[in-house]
Amino acid sequence: MKIPYARQMIDQSDIDAVIEVLHSDWLTQGPCIPALEAALAATVGAAHVVAVTSGTAGLHLACHALGLGPGDRLWTTPLSFVASSNCALYCGADVDFIDIDPDTGLMSLEVLAEELHRARHLGTLPKIVVAVHYAGLVLDMLALFELAREFGFRIIEDAAHALGAVSDGITVGTCRHSDVAVFSFHPVKHITTGEGGAVATQNPLLAQRLSLLRSHGITRDAALMKGESEGDWYYEQVELGFNYRMTDLQAALGTSQLRRLDAFLARRRQLAERYPALLEGLPVKALPPSPDAAWHLYPVRVEASRRKDVFDAMRRAQVIVNVHYLPIYLQPYYRRLGFQPGRCPQAEVFYAGLISLPMYAGLEDAAQDRVVRLLAKALA
Ligand SMILES: *Cc1c(COP(=O)(O)O)cnc(C)c1O
């Protein structure tokens, strides 16, 4: 039997929730959207949540709403999914990458501080820094926030890996030390809506702007209109937005899934606790134990020269391991923008030995044991 690296958990209550919407008056723009937004806001501790079509759409809207445009710069980590930096390119801004801490895989705040000092002299400071909570481990947001105050940038948390993660008593999405946090509900993530995402913020004006931009820049709110209403049919487009609206079918699935988030997280944390014990004695480096992390992934590093063989052997044995991630700037598209190997040496070394072991709420102890047995055999 195949063991994937990640997998959704759908039960009858999820199916019933979607079917109920199919029988209702609203397939989109109905009551399920505000219901999901309220449930998410309560879960992550944000004042406002705006549901969108994907995490990628959320990152794009967040950049746009924070005013990112041509001539601006956005910095992020290279050890992430391409969406973390593509969002800047959608806005016509420039991107650069800050190397990682080789123990955690998170952006190195020491390297970031050095680069910020250098950029201040050159007049090339970033407008936005995207913090990625790699694998569900939380970046030190207070330290990043202090840098943001000193150097005047805004913070987007790419929290696609971190729904339910807690750090220093603060749940990711509370946005105490950031402007917004963006979540993804792709099936490999903690909860799913098929495709889907959400943006959380404490800032009411930013939330208003995000919802406006989500729906073409169109408003029916008299307070936001430039002119007088001409009747009940009247709406105004006050800026150029997008159609990034989630459907009610997806939102109903999301709300149903969210009810089981605590159970999903508890199981992920259990697996993350079991792995190091099972891996003991193997030539494998894991991430540091982090009981309050959200554990979206379970990446380990083996010797770089062995990685491909180990990966292939596990796939042949039907354990569908994966690799997260090739440093973004090594993608052909980014190389065409001028990025060269060597930009972030730690991220390149980290990548060279990387393998993501299976991590999902439906993974059973026996299957996890089998994964590690196969890994040991492949490494022998
Ligand atoms: C999944 C993911 C995204 C994108 O989310 P989608 O919902 O697939 O668009 C962005 N950033 C990271 C780090 C992700 O893992």
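Values for this structure:
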item	result
Count of residues meeting criterion [part of a loop (DSSP other than H, G, I, E, B) and touching a Ser or Thr at 6+ places or on another chain (Cβ under 8 Å)] in the range 243-262	4
Considering residues of the range 53-66 that are aliphatic (A, V, I, L, M) and either within 9 Å of the ligand (Cβ to nearest atom) or under 12 Å from the mean Cα position of the chain (by Cα) (or both) only, the residue nearest to residue 182 (Cα to Cα)	59
Subset of the range 330-380 that is of a type in the set (Ser, Thr, Tyr) and open to solvent by less than 30 Å² (accessible area, probe 1.4 Å) - its residue that is nearest to residue 305 (Cα to Cα)	356
Count of the range 117-136 residues which are of a type in the set (A, V, I, L, M) and open to solvent by 10 Å² or more (accessible area, probe 1.4 Å)	2
Among the candidates 231, 194, residue that is more than 19 Å from the chain's Cα centre (by Cα) and either in contact (Cβ under 8 Å) with a residue 40 or more places away in the chain or open to solvent by less than 70 Å² (accessible area, probe 1.4 Å) (or both)	231
Conditions (1) farther than 20 Å from residue 52 by Cα; (2) assigned to a helix (DSSP H, G or I); (3) touching a residue at least 12 places away in the same chain (Cβ under 8 Å); (4) more than 15 Å from the ligand (Cβ to nearest atom); number of the one not met by residue 209	(1)
Residue in the range 141-161 that is within 15 Å of the ligand (Cβ to nearest atom) and charged (D, E, K, R) present	yes
Some residue of the range 233-247 being among the aromatic types (Phe, Trp, Tyr), within 14 Å of the ligand (Cβ to nearest atom) and under 20 Å from residue 297 (Cβ atoms)	no
Hey, residue 123 of a type outside the set (A, V, I, L, M) and within 16 Å of the ligand (Cβ to nearest atom) or not	no
Residue in the range 294-319 that is farthest from the ligand (Cβ to nearest atom), counting only those that are in a loop (DSSP other than H, G, I, E, B) and crowded, with 21+ Cβ neighbours inside 10 Å	302
Only one of 174, 193 that is in a loop (DSSP other than H, G, I, E, B) and more than 16 Å from the ligand (Cβ to nearest atom)	174
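The values are calculated or read from the model by the stated rules, or taken from the named source; none is laboratory data. The model shown is predicted, which means the values in this text are computed figures rather than measured ones. When we count neighbours, we look across all protein chains shown, and the Cβ atoms used for this are built from the backbone with ideal geometry, even at glycine. The protein model used for the area step is the full one, side chains on, heavy atoms only, and it has no ligands, DNA or RNA in it. Shrake-Rupley method; radii C 1.70, N 1.55, O 1.52, S 1.80 Å.
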